[in-house]
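S.K.: Take this structure first; my questions come after.
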Amino acid sequence: MVMSFSRKHSKKLLAAVLTTCITAGVSLQAQALESIHFLIPGGAGGGWDSTARGTGEALLKSGLVETISYENMSGGGGGKAIAHLIETADQKQDALMVNSTPIVIRSLSKVFPQSFRDLTPVAATIGDFGAFVVKKDSKYTTFKEVVADYKKNPRSIKIAGGSARGSMDHLVAAMAFKATGGDARQVRYVAYDAGGKAMAGLLSGETQLLSTGFSEALALADAGEVRILVMTGTERNEAAPEVPTLKELGYDAVFVNWRGFFAAPGIDDVQKAEFVSALEKMYDTEAWENVRARNGWTEIFKPDTQFIAFLEEQEKEIGMLMRELGFLK
């Protein structure tokens, strides 16, 4: 599963919005960016939470938004927050819900009945790579050593993940070991119902490997609990330059878990463009660079129609892998 991103600017669209607002005698800055309410479909401390709060921090410190608020709404694999945003759309005109690749996966697997098509895609903003880690005293010092044992006996390698079978942690592991020449269906994935429990399973020796996000892996490594063996980017990341990529080890697999924002269904084009403008301007601020660097995120920007086209393509790619693994017919 190969995903690539490029930063493109929507100058014509934004110019049109500015012209419209000036004609109406309204300040774009005052009207559009008075407030943003971030709706977070999971609990505190997770990837969605850090993305929303990091983005809000940068927007507020850089003066692009006057007031920022946050609301964590866990449940239904993210479905509770999606349903809430749809049901209260008329009252949520300043809301941006953070989400990521799981909205595609969970929609395909019918964890919830909605999809990204039921919302207003605003922009993909950052990417977080996948990573595989071992506990600090593990016998494995390189990913190639893990692959060697996997090829001898795939069932000897148990891989922990903080979500169910067929989830992103599982799919990234299947993609990686398939790239090594293995059978994706033989990956022995052990599902835990939270990242902390998956980490406990690794540290206790229940599993040999943990499949997780690169930013989460960095935090665990900084705490001295694990070693990161490999990550799924196209090149090494400045946050951990010693960690190799799957590609440089000879395995043709790249994965970036996009994270981005959705508005309520039915918002008008002017308001959507105002959200896009705020997020685009954020990239050029020192406040954003500080947030991005400390989290090891890669910077992407796919606004509006580009975001929709990407989501449609990702849906096809992930659907193919899920069918190969037997999760979809």
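Since every read-out is calculated from the coordinates, none of them should be taken as a lab result. What you see is a predicted model, and the numbers here were worked out from it, not measured in a lab. Using ideal geometry, Cβ is built from the backbone for each residue, glycine included, and neighbour counts are taken over all protein chains shown.
S.K.: Considering the dipole of the chain built from charges on the beta carbon (Lys and Arg +1, Asp and Glu -1) around the Cα centre, which of I267, A217, A239 is farthest to its positive end?
M.R.: Value computed over the given set: A217.
S.K.: Something else: With a/c under 1.5 counting as rounded, go ahead and sort segment 219-298 into rounded, prolate or oblate using the C-alpha gyration tensor (a ≥ b ≥ c being the square roots of the eigenvalues; past the cut-off, prolate if a/b is larger than b/c, else oblate).
M.R.: Values: a/c = 2.72, a/b = 1.96, b/c = 1.39.
Prolate.
S.K.: Quick one: angle between helix 286-295 and the longest Cα principal axis of the chain, in degrees between 0 and 90, rounded to 10, please.
M.R.: In the chain, helix 286-295 runs at an angle near 20 degrees to the longest axis.
S.K.: I need the trypsin sites (Lys or Arg not before Pro) found in segment 54-115, filtered to DSSP loop residues with at most 16 other beta carbons within 10 Å of theirs.
M.R.: Numbers: sites: K61, K80, K92, R106, K110; in loops: K92, K110.
For trypsin sites (Lys or Arg not before Pro) across segment 54-115 that sit outside H, G, I, E and B with at most 16 neighbouring Cβ atoms in 10 Å, the list reads K110.
S.K.: Compute the length gained on full extension between Q186 and I86: take 0.36 nm times their separation in residues and subtract their Cα-Cα distance, giving the result in nm to one decimal. Intermediate values should be presented prior to the final figure.
M.R.: On the way: separation 100, 0.36 × 100 = 36.00 nm, distance 3.90 nm.
Length difference between fully extended and current span is 32.1 nm.
S.K.: Ok, one more. To the nearest 20 debye, what charge dipole does segment 134-203 have about its Cα centre, counting +1 at the Cβ of each Lys and Arg and -1 at the Cβ of each Asp and Glu? Mind dumping the intermediate values first?
M.R.: On the way: 13 positive and 6 negative charges, 39 e Å.
With Lys and Arg at +1 and Asp and Glu at -1, about 180 debye.
S.K.: Only loop residues by DSSP count here, and only those with at most 14 other Cβ atoms within 10 Å; note down the GluC sites (Glu not before Pro) in segment 254-308 that meet that.
M.R.: Numbers: sites: E274, E280, E286, E289, E299; in loops: none.
Counting only loop positions with at most 14 other Cβ atoms within 10 Å, none of the GluC sites (Glu not before Pro) in segment 254-308 qualifies.
S.K.: With charges set only on the Cβ (+1 for Lys and Arg, -1 for Asp and Glu), what does the dipole of segment 178-329 come to about its Cα centre, in debye to the nearest 20? Mind showing how you got there, number by number?
M.R.: Numbers: 16 positive and 25 negative charges, 134 e Å.
That gives a dipole near 640 debye.
S.K.: Can you tell me the length gained on complete extension of the stretch I308 to S115, counting 0.36 nm per residue apart and subtracting the Cα distance?
M.R.: On the way: separation 193, 0.36 × 193 = 69.48 nm, distance 1.16 nm.
This chain segment gains 68.3 nm when fully extended.
S.K.: A further question on this structure: For the pairs K151/K178; K144/K247; K144/K178; K152/K247; K110/K158, flag any whose C-alpha to C-alpha distance is greater than 19 Å. Could you put the intermediate results ahead of the total?
M.R.: Working: K151/K178 11 Å; K144/K247 12 Å; K144/K178 14 Å; K152/K247 22 Å; K110/K158 26 Å.
Beyond 19 Å between Cα atoms: K152/K247; K110/K158.
S.K.: Among V226, G196, T141, whose Cα projects farthest towards the positive end of the dipole of the chain, with charges put on the beta-carbon of Lys, Arg (+1) and Asp, Glu (-1)?
M.R.: T141
S.K.: With labels modelled as points extended 7 Å from the Cα through the Cβ direction, what inter-label distance (nm, one decimal) is found for D149 paired with R165?
M.R.: Simple spin-label model gives 2.2 nm for this pair.
S.K.: Mind checking the dipole of the chain: about its Cα centre, +1 per Lys or Arg Cβ, -1 per Asp or Glu Cβ, Debye to the nearest 20?
M.R.: Details: 36 positive and 39 negative charges, 260 e Å.
That gives the chain a dipole magnitude of about 1240 debye.
S.K.: Sort out for me the Cα centre separation of segment 105-127 from segment 304-329, rounded to whole Å.
M.R.: Measuring centre to centre over Cα atoms gives 11 Å.
S.K.: A follow-up question, please. With everything on Cα atoms, drop me the angle between helix 195-204 and the longest principal axis of the chain, reported from 0 to 90° to the nearest 10.
M.R.: Between the helix axis and the principal axis of the chain, the angle is about 20 degrees.
S.K.: Need one word for segment 57-116: rounded, prolate or oblate. Basis is the Cα gyration tensor (sqrt eigenvalues a ≥ b ≥ c); a/c below 1.5 gives rounded, then a/b vs b/c decides. Mind dumping the intermediate values first?
M.R.: Numbers: a/c = 2.76, a/b = 1.88, b/c = 1.46.
Since a/c reaches 1.5 and a/b is larger than b/c, the shape of segment 57-116 is classed as prolate.
S.K.: Nearest 10 degrees is fine. How inclined is helix 304-325 to the longest principal axis of the chain, computing both from alpha carbons?
M.R.: Tilt of helix 304-325: around 20 degrees.
S.K.: Then there is this: Calculate the length of the line joining the C-alpha centroid of segment 171-196 to that of segment 53-102, in whole Å.
M.R.: Taking the Cα centre of segment 53-102 as reference, the centre of segment 171-196 is 31 Å away.
S.K.: Which of the following values of Rg and Dmax of the Cα atoms in Å was calculated from the structure shown: (i) 19.0, 61; (ii) 20.1, 71; (iii) 19.9, 62?
M.R.: Matching entry in (i) 19.0, 61; (ii) 20.1, 71; (iii) 19.9, 62: (ii).
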